[in-house]
1. Is there a residue being crowded, with 21+ Cβ neighbours inside 10 Å, within 42 Å of the chain's Cα centre (by Cα) and at pLDDT 95 or above anywhere in region 304-314?
2. Name every residue in region 333-375 that is more than 47 Å from the chain's Cα centre (by Cα) and of a type in the set (Lys, Arg), in order of residue number.
3. What pairs come up if the first residue lies in region 233-253 and is closer than 18 Å to residue 369 by Cβ and among the aromatic types (Phe, Trp, Tyr), the second is at pLDDT 95 or above and assigned to a strand (DSSP E or B), and their beta carbons are under 6 Å apart, counting only those six or more places apart or on different chains?
4. Please specify each residue of region 322-335 satisfying the condition of being in a strand (DSSP E or B) and either at pLDDT below 95 or not assigned by TED's automatic domain parsing to the domain that holds residue 290 (or both).
5. So if I check each of 262, 235, 239, which one is of a type outside the set (Asp, Glu), more than 44 Å from the chain's Cα centre (by Cα), closer than 30 Å to residue 347 by Cβ and at pLDDT below 80?
6. List, please: which pairs have Cβ atoms under 6 Å, are six or more places apart or on different chains, and start with a residue in region 279-298 that is more than 11 Å from residue 311 (Cβ to Cβ) and end with one that is in a helix (DSSP H, G or I)?
7. For region 222-232, which residues satisfy the criterion of being of a type in the set (Ser, Thr, Tyr) and either surrounded by fewer than 18 Cβ atoms within 10 Å (Cβ to Cβ) or at pLDDT below 95 (or both)?
Amino acid sequence: MFAEFKCRCGHAFRTHIQNAGRQIPCPNCLTTVTVPAPEAASVEAIKSAATRPITKKEPVRESDATRQTRKHASEKSAAASDIKRSAKAATSSASRTSKKLKTEDPSEDLFDLSDIGPLEAPEQDDGDELYELPVSPAKKRRAKAAAEDSESDSKKGTKSSKKPKRDQGQNAPLIIGGVVAGFVVVAALGFFALPPLIAAMKQGGKIVLPQEFDKFEDGEIFFRCDYPRGWQAESRGGSGNIPPSVRIEHGRIKISYRASNSGAAMQDMAQAGANMTGELPDDQKPVARVHDFQRQKFSDEMSNYAEVGQVEKIETGWGEGRMSLFSASGSFGSKIFGYRVTLLTTNFQWNIVCQCPTKREFEAWKPVFRRIVESTGR
């Protein structure tokens, strides 16, 4: 609810009744005004409404253009009516004269109308002209622009019509040549591309395992392993405090070797203890303990990492190792399936990962992975 009141200078205020009793400055005379209580505000509003002067509405006057249009219409209508009455009177007079001539003297000209004078046909009344409204400037501009556009289009059409038309028969050799060239290209593509395509369809996605292997060696890091012929293999590091690494790839298949110094000291201590106390149990051997420790590290590095089945012992050129099956999430929602292998030497701890993008491919490439790992040594 609002309270309405006025300052003594006549400036009107309107505010919530919750502001009753507060003082506000008048923006007109800068006098401090106190907001009245709701009752006082209502009385003040009633008084101001009673004293407000009543304004009378003036009648709507016609414009000069409307009066002139109406006057012109009435004058034209009266003139048309006079002409019609004159023509009707002349016609009736002519008919009476002809009847009189027929009765008095049949030998005289029955169609002599010389004494009547010329007859004028009544002017046609154009109703639209009486109520024609003035055209706005914007409408005139649009009409002018449309006329100019039509004129320019007609000029363009005239100019283009003056250009000599090319005979359709001249394009026939070009069309025939293009069709022949297209047939030649399609035939060449079919000849060279169709046989490989048919061969690929016959294979039906079958995985063909390699039958020939080469040896990859790096004397600086004392590394050697077998790998399928035609695959890519390279080694890095090994000097300047950079741990060595080896990478073997073929399409979507990847095998990576990464070395570190963390497990080498444990291997030496375990070897010394074994010489003193005898053979250690399998689960107490350094390679088994390091392999179990690396599982947590791989789980932290790879998304949704999980190992399947039991840990398997594997014999390599560097001695006994440990191998586990795993699966994890790859990039863009893909999956990874492969082997995780741990090997220990006197100098390094080697972590090996053999991976494929699908489980079907991994099951097919298992023999190749095992041969590469088992051949690893110095």
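1. The answer is no, given that none of the residues of region 304-314 is crowded, with 21+ Cβ neighbours inside 10 Å, within 42 Å of the chain's Cα centre (by Cα) and at pLDDT 95 or above.
2. 370, 371
3. none
4. Step one: of region 322-335, the residues in a strand (DSSP E or B) are 322-329, 335.
Passing the criteria: 329, 335.
5. Details: 235 fails: at pLDDT below 80; 239 fails: at pLDDT below 80.
That would be 262, the only listed residue that is of a type outside the set (Asp, Glu), more than 44 Å from the chain's Cα centre (by Cα), closer than 30 Å to residue 347 by Cβ and at pLDDT below 80.
6. If the second residue must be in a helix (DSSP H, G or I), the pairs left are 280/274; 286/266; 286/267; 286/270.
7. Of the residues in region 222-232, the ones of a type in the set (Ser, Thr, Tyr) are 227.
Residues satisfying the conditions do not exist here.
For every residue, the table says whether it meets (1) at pLDDT 65 or above; (2) of a type in the set (S, T, N, Q); (3) assigned to a loop (DSSP other than H, G, I, E, B); (4) farther than 30 Å from residue 77 by Cβ.
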{"site": "132", "(1), (2), (3), (4)": "no, no, yes, no"}
{"site": "135", "(1), (2), (3), (4)": "no, no, yes, no"}
{"site": "141", "(1), (2), (3), (4)": "yes, no, no, yes"}
{"site": "154", "(1), (2), (3), (4)": "yes, yes, no, yes"}
{"site": "179", "(1), (2), (3), (4)": "yes, no, no, yes"}
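The values are calculated or read from the model by the stated rules, or taken from the named source; none is laboratory data. Source: prediction; values computed, not measured. Neighbour counts run over all protein chains shown; Cβ positions are idealised from the backbone, glycine included.
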